[in-house]
Amino acid sequence: MDIVEPEQREKRSRGGRSNRREAGSMVLKVPYIRRNIPTYDILSEENLIRIEETADRILAEVGIEFRDDPQALELWRKAGATIDGVLVRFEPGMLKEIVSSAPATFTQHARNPVNNVQIGGDNVVFSPAYGSPFVMDLDNGRRYGTIDDFRNLIKLAQSSPWLHHSGGTICEPVDLPVNKRHLEMVYSHIKYSDRAFMGSVTAEERAEESIEMARILFGADFVDRNCVILGNVNVNSPLVWDGTMTKALRAYARANQAAVIVPFILGGAMGPVTNAGAIAQSYAETLAGCALTQLERKGAPVIFGNFLSSMSLRSGSPTFGTPEPAIGSMVIGQLARRLKLPLRCAGNFSNSKLPDAQALQEGVMSMMSAIHCGANFILHSAGFVDGLLSMSYEKFMMDCDFCGALHSYLAGVVVDDNTLAMDAFLEVGPGSHFLGSAHTMRNYTSAFWDSAVSDNEPFEKWNEAGGTDMATRANRLWKKTLAEYEAPPLDIAIDEALRDYIERISRDRPDAWY
């Protein structure tokens, strides 16, 4: 892993294991990761072509419906697609040609330039989970999310050196009117974080208002020339794009901002139970959405997204963190690289109702698939439980910790004079130990990642300290983190302009709760 634009931090005190855990082994914070290990490519060229050809047949023979968006249909008509009512069919190769104008990599700018992220190529960006209507913690259990929870989770993300992005709908603040809450959500990302963030997609005007708030923050000319906000849009699988989403994605593209194009396919419900068929379907659906951004504004950044999932065929319940979608993500990565598009795929998924062993087992399965498939923007990196219905404070901290471990994992194995350690062998010799060697002392602060929530003490010491489990330690850690949080400075004039914008819109718009 290359260290990209590092932010220097105070040197850690040398007070033993407890101080190392308190610091979380944080020597440098990086705005994103540049992977130093290869992707895992599991399919042959022949099989990739078969999937692409199946997707071409779906697009040409079955087609995709574009509902409630006449302008999208007109764009497709002008591009040469076959239109039959709201059904659109595409000749093989047509969509690939259209998306070739999208950039392979782009920068999403943060209000603090040190936190700009590069999306695409060998870069990896971790972002919190997105979209849960509920939150939960060990003290208060499961409950509807509020704007206070929303802000708390932004503060926790901002405080973590292992996340790179503030995210979007980090939880749904259901205590605010539906038609106004996006204003407070975007404002909260701007106010309580200085990292890159996402905007609203639940209506075209909400997307446009999110972008307008970004213009207040960055300046209109800057926004027209640079990506400063993302919009995550979902296909209504199978094979339907509804007007709410296409109008939102076109709003982002029109403003030269990046849409993240994501089908959500539950195998056996919204797609086939077999992996290859579901992959072909998702490829077709995503490719169509990516192409639409280019028809709206050629050269606009776009992220090729995917969310494969499985279901219990006994009960019909969605399942997450299972092996079939995880291995399918490897193929999605190969297909996205063939298109030369940035990739959002997989994340830390779990259907567990607690931050427990099930949550970590499922989360590691799905998160490692994101790492090995080559995902560039990993949404749902922290907090996802309850099949995305809930955001867990404790799992958020546990997942951030795991993201820290992945920083070291993605660094690979560095081979140079220092890491080969020949001087240490010459100093220590046979039968002795390396603990006090000059090489160890030179590297001890950075040699191993050190968890902030794991316990590595002997049993007796752990037992005497209360015998806590990881969830309990994470509970203490999120409370401590919030207590110590300090908001990044925000220009007073910008803050006032944002508040004025929100108040003007809110004053003239009656509350709507649906």
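The sum of -39500 (n - 2.57) across all DSSP H runs of n ≥ 4, divided by the residue count of the chain, sets its helix-only mean residue ellipticity at 222 nm to -13500 deg cm²/dmol. Using DSSP loop states and a limit of at most 11 other Cβ atoms within 10 Å to flag GluC sites (Glu not before Pro), what is the longest stretch of the chain containing no flagged site? Answer from the scan: 11-485.
Determine one quarter of the surface area of the Cα convex hull of the stretch 166-285, which equals its mean projected area, and express it in nm² to one decimal.
Result: 8.1 nm².
Net charge in the neighbourhood of F304 (other residues with Cβ under 10 Å of its Cβ; Lys, Arg +1, Asp, Glu -1) is +3.
Compared with the alpha-carbon gap, the fully stretched path from Q358 to T202 is longer by 53.0 nm at 0.36 nm per residue.
Across all directions, the average projected area of the convex hull around the alpha carbons of the stretch 387-459 is 7.8 nm².
Compared with the dominant Cα axis of the chain, that is its longest principal axis, helix 323-339 is turned about 70°. Stretching the chain fully between S454 and T274 yields a gain of 61.0 nm (0.36 nm per residue, less the alpha carbon separation). Simple spin-label estimate for A60 and T472 gives 6.3 nm between the two label positions (7 Å along the Cα-to-Cβ direction from each Cα).
Size of the dipole of the chain about the Cα centre, Lys and Arg at +1 and Asp and Glu at -1 on the beta carbon, nothing else charged, in debye to 20?
Roughly 260 debye for the chain.
For the stretch 291-403, evaluate the Debye formula with one uniform point scatterer on each Cα (no solvent term) and list log10 I(q)/I(0) at q = 0.24 Å⁻¹, rounded to two decimals. One equal scatterer on each Cα of the stretch 291-403 leads to -1.22.
By a straight-distance test (C-alpha under 21 Å), which lysines pair with K247 as possible cross-link partners, with residues fewer than eight away in the same chain excluded? Reachable lysines: K78, K180, K298. Approximating the spin labels as points 7 Å out from Cα along Cα→Cβ, the Y444-to-I505 distance works out to 5.4 nm. Accessible surface computed residue by residue for the chain, with neighbouring protein chains in place and a 1.4 Å probe, gives 42 Å² per residue.
Relative to the longest principal axis of the Cα atoms of the chain, the long axis of helix 393-410 lies at roughly 80 degrees.
Restricted to Cα atoms, the chain shows a radius of gyration and a Dmax of 23.5, 80 angstrom. Can you list the lysines whose alpha carbon is less than 27 Å from that of K353, not counting same-chain residues fewer than 8 positions off? Candidates past the 8-residue exclusion: K155, K395, K479, K480. A cut-off of 5 Å between modelled amide H atoms, ignoring neighbours fewer than 5 places along the same chain, links V88 with I64, E65, F66.
Residue separation of S317 and K96 scaled by 0.36 nm, minus their Cα-Cα distance, works out to 76.1 nm of gained length.
Just the protein heavy atoms count here, and of the accessible area of the chain at 1.4 Å, carbon and sulfur take up 53 percent.
Translational D (Stokes-Einstein, µm²/s) of the stretch 90-244 at 37 °C and 0.692 mPa s when Rh comes from the Kirkwood sum over C-alpha pairs?
Translational diffusion coefficient: 194 µm²/s.
The angle separating the long axis of helix 204-218 from the principal Cα axis of greatest extent in the chain is about 50 degrees. Taking a point 7 angstrom from the Cα of E427 along the C-beta vector, which residues in the stretch 445-463 have backbone N less than 15 Å away? Counting only backbone N, you get 445-447.
The values are calculated or read from the model by the stated rules, or taken from the named source; none is laboratory data. Remember, it's a predicted structure, so these values are computed and weren't measured experimentally. Positions of Cβ are backbone-derived with ideal geometry, glycine not excepted, and every protein chain shown enters the neighbour counts. The accessibility values were calculated without ligands, DNA or RNA, using every heavy atom of the protein model including side chains. Shrake-Rupley method; radii C 1.70, N 1.55, O 1.52, S 1.80 Å.
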